[in-house]
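Nothing in this text is a laboratory measurement; each read-out follows from the coordinates by a stated rule. In this text the structure is predicted, and so the values were computed from the model without any measurement. Cβ coordinates were reconstructed from backbone atoms using ideal geometry, including for glycine residues, and neighbour counts include every protein chain displayed.
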Amino acid sequence: MLIDSHCHLDFEALSADIDGVMARAAAVGVTGMVTISTRVDNFSTYTAIAERFPNVWCSVGTHPHNADQELHIQTDDLVRLSAHPRCIAIGEAGLDY
């Protein structure tokens, strides 16, 4: 079993051909994926992808490079959103150098 634990299925390079991406992943044995949040404000995009594909889950979080754009996001927001049944992680979070 292969799980891609950190992908960005919402990024244009992948989302423009999401069906093809999923087919190619399945063809090489990838049985699950976690599409990682880079902006909490885009959480509905991540959940829509995860709801569309039964072998995709998502996270909720803000990438450090975007942190200055989501100062309004509070811990309570992350906890509330992480309760979505297709959300299995909190992240991006932390420092990126």
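Here are the numbers:
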{"quantity": "Asp10 being in contact with a strand residue (DSSP E or B) (Cβ under 9 Å, 6 or more places away or on another chain), under 23 Å from Pro64 (Cα atoms), among the acidic types (Asp, Glu) and in contact (Cβ under 8 Å) with a residue 12 or more places away in the chain", "calculated": "yes"}
{"quantity": "Residues located in the stretch 1-48, provided they are surrounded by 14 or more Cβ atoms within 10 Å (Cβ to Cβ), part of a loop (DSSP other than H, G, I, E, B) and of a type outside the set (Val, Ile, Thr)", "calculated": "His8, Leu9, Asp10, Ser37, Arg39"}
{"quantity": "Answer residue from the stretch 59-97, given it is of a type in the set (S, T, N, Q) and touching a Lys or Arg at 6+ places or on another chain (Cβ under 7 Å) and is nearest to His6 (Cα to Cα) among those", "calculated": "Thr62"}
{"quantity": "Total residues in the stretch 16-58, condition in contact with a Lys or Arg (Cβ under 7 Å, 6 or more places away or on another chain) and β-branched (Val, Ile, Thr)", "calculated": "1"}
{"quantity": "Residue tally, condition assigned to a helix (DSSP H, G or I) and either in contact (Cβ under 8 Å) with a residue 60 or more places away in the chain or loosely packed, with under 13 Cβ neighbours inside 10 Å (or both), over the stretch 49-68", "calculated": "2"}
{"quantity": "Some residue of the stretch 75-93 being acidic (Asp, Glu) and in contact with a His (Cβ under 6 Å, 6 or more places away or on another chain)", "calculated": "yes"}
